[in-house]
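The values are calculated or read from the model by the stated rules, or taken from the named source; none is laboratory data. From a predicted model like this one, the values you see are computed outputs, not experimental measurements. In this analysis, Cβ positions are derived from the backbone assuming ideal geometry, glycine residues included, and neighbour counts consider all displayed protein chains.
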Amino acid sequence: MTALSLDVGAGRARSVQRAFWQRPRPVTTLLVLTVTIVALVFMVYPSICIFYGSFKIGGGVLGETSGFTLANYRRIFASGFVVYTLNSLVICASATLVSTFVSVCAAYVFSRFRFAGRRVLFGAVLLGQVFPWIVLVNPLFVAFAKWNLTNSYAGMIFCYTAFTIPFSVYLLTGYLATVPRSLDEAATIDGATRFQIVWRIVFPIMLPGIVATATYAFLLCWTEYLFALAFLTQTGMKTLPLGLYQFFGDDRVDWGAIMAASAIATLPTLILFLPLQSKLTSGLAAGAVK
Amino acid sequence: MRGERRFIALMLAPAFLILAAFYAYPTFQNAAISLTDLSLLKLRSGGSFVGLDNYREFLTNPEFGHLLFNTVVWLTALSVVLRILIGLGMALLLDSPVLARVRLSTAAKLAILIPWATPPIVAVVIWRFLLDAQNGTVNAILLRLHLVDNPVAFFANLATVWPSVVTIIVWNTVPLVALSLLASLQSIPEELNEAAALDGASRWQQLRHITLPFLMPTITVLTLTSVFSTFNNFVYVWLSTGAGPGTFTNVLATEIYIKAFVDFRLGYSSAVGIVMALVMAVFGIVYYRFVTRNELQESL
């Protein structure tokens, strides 16, 4: 009871505060609700199609909506989708680890030291955020061909590490600004070396920020398409996004397989995204997210 | 403070070595390749120097205007404007006490997250399915409402192909805008609106003179970042239309890919890339100034 009455009270206070929507008339209420429901259907229905369709023969296209089947999943795993998924896991996990490690180092320095060239270097990192990656594909392809890095884990890990560093540094620098500097200073007085301060004191405190950044980096790699398309041509090396689009045949589209593959591609992002998103929408972070 | 400088260099070196190898070196390589007739099929023998021929060919090609128009107007301007406007509308809606009263605020916020959590590669799949000519849900609805007599082939029809691509982009990217604007909206001091209401300002006056000016910095940042990510985007157009029908929806990013990996003309393709990077550089300077001046100086 107490909780309920508190809630009602809070609701009333809120409606007074939000002057723009003050004292909504019944017409307004109805209008707001209708628009909201239409908007929500528009937002949610498309994604639900994927999961629903993945359990239907033919991907749940109209008229074929009866029954529940795992045949689509069985079919894609029989056709080599396991290999694509494993390739994606290895490449993305390695890239995320390397990228997060070097980004933590750089972000720590950017947030704790004032040095000549700091603004220029930070600006250079930000530039990577707005760089047209497609422009890098040709020269990287030439270089990769020379050093036998096409169709290799190493080449892909290098690309994914590099393209996640800019926003990782940006997010982590913003996050470090919220970790009080007095901690570092106290540790210095206690005789800790600089590296000890970073890894023993600051690292544990900023772990939530690091986990959020790493998760976002992983998700970006998990669904990256362009570099994979250009640098991975052997079937055994392909990643999940490439495998997904293989099911679009020239004359026939296997919607069932596509829905199942899409569900596998989306599930990790849905699970990891919910706890992550509040960190990404907060003012400063918005600039780092595409 | 020599120890301090060594520490700074040591901590920055790994990140900057990787960035230099990935961004700086290839950019210069790209410029060099753009001056040759290098072919993908003859990588080993290399290309021969042709000066600015590739640039001349690209810039005087009648296709150039079409490409630029597609990239700037259809792909970038239209989808960014729609995403900001719809995002703003959604943010205002989510902030409404009507939703709070019927306990829908949290559910609505969660629902809005779903398209954002959907990867672009899957967003394209979904809409290709929904807009499919034979089995698509959208056609089924249109037919049942008797709005069309025959199913529409959305991605094959010249009149509907760009609106379809823009729909995919807006659907996938509007949540970030909506939720960012909602966060700013809820940080507006309540006294401002209360004082305005006491002075007799109408809702629309409050929206125009209090809410919008307050949201402006967020809107500006969101617009700039959206412009970059959309202008540079390859996936949406390539996976939904493959630049077709024909080359009708070809944009700069897909042109670079097609010239290099379908026509095997690496040299020419690199020249297109340089032109694209130059167009972006103009925006880049604006972005750098804005972000460093307003956002980072406060936080750093």
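Scan segment A:107-116 and tell me whether some residue there is farther than 17 Å from residue B:9 by Cα and outside any loop (DSSP other than H, G, I, E, B). Even if it seems obvious, please write down each step before you answer.
Within segment A:107-116, the subset farther than 17 Å from residue B:9 by Cα is none.
Among the residues of segment A:107-116, not one is farther than 17 Å from residue B:9 by Cα and outside any loop (DSSP other than H, G, I, E, B), which makes the answer no.
Hey, can you tell me all the residues within segment B:213-270 that are basic (Lys, Arg) and either surrounded by fewer than 22 Cβ atoms within 10 Å (Cβ to Cβ) or in contact (Cβ under 8 Å) with a residue 60 or more places away in the chain (or both)?
The initial filter retains those residues of segment B:213-270 that are basic (Lys, Arg), namely B:259, B:265.
Result: B:265, single match.
Identify, from the list A:223, A:266, A:233, the residue that is surrounded by fewer than 23 Cβ atoms within 10 Å (Cβ to Cβ) and on the phi < 0 side of the Ramachandran plot. Steps first, please.
Values: A:223 fails: surrounded by fewer than 23 Cβ atoms within 10 Å (Cβ to Cβ); A:266 fails: surrounded by fewer than 23 Cβ atoms within 10 Å (Cβ to Cβ).
Only one candidate passes the filter, namely A:233.
Against the condition part of a helix (DSSP H, G or I) and crowded, with 22+ Cβ neighbours inside 10 Å, how does residue A:124 come out, does it pass?
Taking the combined requirement at face value, the residue does not satisfy it.
Show the residue pairs that are 6+ apart or on different chains and have beta-carbon atoms under 8 Å apart, the first residue being within segment B:34-62 and charged (D, E, K, R), the second being assigned to a loop (DSSP other than H, G, I, E, B) and surrounded by 12 or more Cβ atoms within 10 Å (Cβ to Cβ).
Every condition considered, the pairs that remain are B:37/B:47; B:37/B:50; B:53/B:37.
Scan B:72, B:81 and give me the residue that is out of contact with any Pro (no Cβ under 7 Å at 6 or more places or on another chain), within 18 Å of residue B:232 (Cβ to Cβ) and at pLDDT 95 or above. Break it down stepwise before answering.
Values: B:72 fails: at pLDDT 95 or above.
Exactly one residue qualifies, and that residue is B:81.
Name the residues in segment B:186-243 that are more than 10 Å from every other protein chain (Cβ to nearest Cβ) and of a type in the set (Lys, Arg), would you?
The one that is more than 10 Å from every other protein chain (Cβ to nearest Cβ) and of a type in the set (Lys, Arg): B:208.
May I ask you to verify whether residue A:174 is closer than 20 Å to residue A:128 by Cβ and assigned to a helix (DSSP H, G or I)? Talk me through it step by step, then tell me what you get.
Working: closer than 20 Å to residue A:128 by Cβ: yes; assigned to a helix (DSSP H, G or I): yes.
So residue A:174 passes the test.
Report whether or not residue B:158 is surrounded by fewer than 18 Cβ atoms within 10 Å (Cβ to Cβ), of a type in the set (A, V, I, L, M, F, W, C) and touching a residue at least 40 places away in the same chain (Cβ under 8 Å). Talk me through it step by step, then tell me what you get.
Working: surrounded by fewer than 18 Cβ atoms within 10 Å (Cβ to Cβ): yes; of a type in the set (A, V, I, L, M, F, W, C): yes; touching a residue at least 40 places away in the same chain (Cβ under 8 Å): yes.
So residue B:158 passes the test.
Quick check on segment A:37-51. Is at least one of its residues modelled with pLDDT of 85 or more, more than 9 Å from chain B (Cβ to nearest Cβ) and surrounded by 19 or more Cβ atoms within 10 Å (Cβ to Cβ)?
Checked segment A:37-51: no residue is modelled with pLDDT of 85 or more, more than 9 Å from chain B (Cβ to nearest Cβ) and surrounded by 19 or more Cβ atoms within 10 Å (Cβ to Cβ).
For segment A:185-204, enumerate the residues that are buried (at least 18 other Cβ atoms within 10 Å of the Cβ) and touching a residue at least 60 places away in the same chain (Cβ under 8 Å).
A:198, A:202
Which residues, counting only those in segment B:28-49, are more than 7 Å from every other protein chain (Cβ to nearest Cβ) and in a helix (DSSP H, G or I)?
Within segment B:28-49, the subset more than 7 Å from every other protein chain (Cβ to nearest Cβ) is B:28, B:31-32, B:34-42, B:44-49.
The answer is B:28, B:31, B:32, B:40, B:41, B:42.
Go over the candidates B:102, B:98 one by one and state the one that is surrounded by fewer than 17 Cβ atoms within 10 Å (Cβ to Cβ), over 29 Å from the mean Cα position of the chain (by Cα), of a type in the set (A, V, I, L, M) and over 29 Å from residue B:251 (Cβ atoms). Give the derivation first.
On the way: B:98 fails: surrounded by fewer than 17 Cβ atoms within 10 Å (Cβ to Cβ).
Among B:102, B:98, only B:102 is surrounded by fewer than 17 Cβ atoms within 10 Å (Cβ to Cβ), over 29 Å from the mean Cα position of the chain (by Cα), of a type in the set (A, V, I, L, M) and over 29 Å from residue B:251 (Cβ atoms).
Give the residue, chosen from A:134, A:165, that is farther than 15 Å from residue A:217 by Cβ, under 20 Å from the mean Cα position of the chain (by Cα), in contact (Cβ under 8 Å) with a residue 24 or more places away in the chain and facing another protein chain (nearest Cβ under 10 Å). Working first, answer last.
Values: A:165 fails: farther than 15 Å from residue A:217 by Cβ.
Just a single option satisfies the conditions, and that option is A:134.
Can you tell me which of A:260, A:162, A:228, A:214 is over 30 Å from residue A:122 (Cα atoms) and not in a loop (DSSP other than H, G, I, E, B)? I'd like the intermediate steps shown before the answer.
Values: A:162 fails: over 30 Å from residue A:122 (Cα atoms); A:228 fails: over 30 Å from residue A:122 (Cα atoms); A:214 fails: over 30 Å from residue A:122 (Cα atoms).
Going through A:260, A:162, A:228, A:214 in turn, the sole match is A:260.
Could you list, in sequence order, all residues of segment B:244-259 that are polar (S, T, N, Q) and more than 11 Å from every other protein chain (Cβ to nearest Cβ)? Before the answer, list the steps.
So in segment B:244-259, the residues polar (S, T, N, Q) come out as B:247, B:249-250, B:254.
Correct list: B:247, B:249, B:250.
Could you say whether any residue in segment B:135-148 is facing chain A (nearest Cβ under 10 Å) and surrounded by fewer than 19 Cβ atoms within 10 Å (Cβ to Cβ)?
So in segment B:135-148, the residues facing chain A (nearest Cβ under 10 Å) come out as B:135-137, B:139-140.
After this cut, where a residue has to be surrounded by fewer than 19 Cβ atoms within 10 Å (Cβ to Cβ) as well, the list is B:137, B:140.
Within segment B:135-148, one or more residues are facing chain A (nearest Cβ under 10 Å) and surrounded by fewer than 19 Cβ atoms within 10 Å (Cβ to Cβ).
Under the condition of being among the small types (Gly, Ala, Ser) and within 12 Å of chain B (Cβ to nearest Cβ), which residue from segment A:198-253 is nearest to residue B:254 (Cα to Cα)? Don't jump to the end; show me each part of the working.
Restricting attention to segment A:198-253, the residues satisfying the condition of being among the small types (Gly, Ala, Ser) are A:209, A:212, A:214, A:217, A:228, A:230, A:236, A:243, A:249.
Next, only the ones that are within 12 Å of chain B (Cβ to nearest Cβ) stay: A:228, A:230, A:243.
Details: A:228: 15, A:230: 12, A:243: 20 Å.
Here the answer is A:230.
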